[in-house]
Amino acid sequence: MNKKNVIRISILTFLVTLLSACGFHLRGQVDLPVGLRILNLDAQAAETMTQNLLRQSMLSNGITLSQDAPYTLKIISESGNRRVLSVTSNAKASEYELTQNLSFKLLDANGEAVSEELNITSYRTLQYDADAEIGKAQEEANLRREMKQNNAYNVLIRLKAIKLPKNKAN
């Protein structure tokens with residue numbers, strides 16, 4: 001090996017060590033406590049897309065979904081709203097604010113609440129053009145999916161912050 005390669009490898013090793021030391025990890029990866037690595041998901045109050053996104057997010061983070069889990073993530077409600085932010089000179093909407101809300105609780109095996117009801121809300125802005133109705137409807141659907149995906153990720157972030165009872169935390 002020549003001196004140039006040794007220097008490159010040394011710099012690369014240093015950068016990898018630096019990134020791992022600062023806690024860097026890819027978005028979407030949440031390190032949950034051991035007690036929450038097996039969960040039951042009760043998401044009947046959510047839309048099918050949200051249920052699927054929650055399952056996908058949990059499984060990709062190494063969470064095992066089981067009916068016999070010591071804790072249940074219960075989705076209490078989900079809602080989406082749209083309100084006018086601005087109008088054109090002829091009083092037609094030109095911009096909307098989209099919101100997507102998700103409320104949930106963590107329950108123990110006896111159905112007792114381990115956490116209070118937690119709420120997550122995502123916001124997006126949609127530029128609206130009445131002449132492009134079909135395209136804007138598709139854009140809104142894409143934004144809604146992105147917002148639901150963001151909410152699913154934020155559920156994991158919030159779960160990480162919940163303090164589990166000592167006898168259940170393992």
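The values are calculated or read from the model by the stated rules, or taken from the named source; none is laboratory data. Keep in mind it's a predicted model, so treat the numbers as computed, not measured. FYI the Cβ positions are ideal-geometry reconstructions off the backbone, even for glycines, and counts take in every protein chain you see.
Identify, please: which residue in region 99-144 is among the hydrophobic types (A, V, I, L, M, F, W, C) and in a strand (DSSP E or B) and is, among those, surrounded by the fewest Cβ atoms within 10 Å (Cβ to Cβ)?
113
Which number in (1) surrounded by 11 or more Cβ atoms within 10 Å (Cβ to Cβ); (2) out of contact with any strand residue (DSSP E or B) (no Cβ under 9 Å at 6 or more places or on another chain); (3) of a type outside the set (Gly, Ala, Ser); (4) in a helix (DSSP H, G or I) marks the one condition that residue 11 misses?
Against the list (1) surrounded by 11 or more Cβ atoms within 10 Å (Cβ to Cβ); (2) out of contact with any strand residue (DSSP E or B) (no Cβ under 9 Å at 6 or more places or on another chain); (3) of a type outside the set (Gly, Ala, Ser); (4) in a helix (DSSP H, G or I), residue 11 comes up short only on (1).
Hey, among 59, 73, 85, which residue is surrounded by 10 or more Cβ atoms within 10 Å (Cβ to Cβ), more than 30 Å from residue 133 (Cβ to Cβ) and free of Cβ contacts under 8 Å to residues at least 60 places away in the same chain?
59
Name the single residue, out of those in region 131-170 being β-branched (Val, Ile, Thr), under 26 Å from residue 82 (Cα atoms) and within 23 Å of the chain's Cα centre (by Cα), that is modelled with the highest pLDDT.
Checking each candidate, the answer is 155.
Starting from residues that are hydroxyl-bearing (Ser, Thr, Tyr) and within 17 Å of the chain's Cα centre (by Cα), keep the ones in region 90-121 and report whichever is nearest to residue 69 (Cα to Cα).
That would be 103.
Taking region 33-56, which residues are surrounded by 15 or more Cβ atoms within 10 Å (Cβ to Cβ), among the polar types (S, T, N, Q) and over 14 Å from residue 107 (Cβ atoms)?
50, 51
Can you find even one residue in region 17-27 that is loosely packed, with under 12 Cβ neighbours inside 10 Å, assigned to a loop (DSSP other than H, G, I, E, B), on the phi < 0 side of the Ramachandran plot and among the aromatic types (Phe, Trp, Tyr)?
Yes, region 17-27 contains a residue that is loosely packed, with under 12 Cβ neighbours inside 10 Å, assigned to a loop (DSSP other than H, G, I, E, B), on the phi < 0 side of the Ramachandran plot and among the aromatic types (Phe, Trp, Tyr).
Looking at residue 78, is it of a type in the set (Asp, Glu) and surrounded by fewer than 16 Cβ atoms within 10 Å (Cβ to Cβ)?
no
Out of all the residues in region 120-136, is one or more more than 22 Å from residue 46 (Cβ to Cβ), free of Cβ contacts under 8 Å to residues at least 12 places away in the same chain and among the aliphatic types (A, V, I, L, M)?
Checked region 120-136: at least one residue is more than 22 Å from residue 46 (Cβ to Cβ), free of Cβ contacts under 8 Å to residues at least 12 places away in the same chain and among the aliphatic types (A, V, I, L, M).
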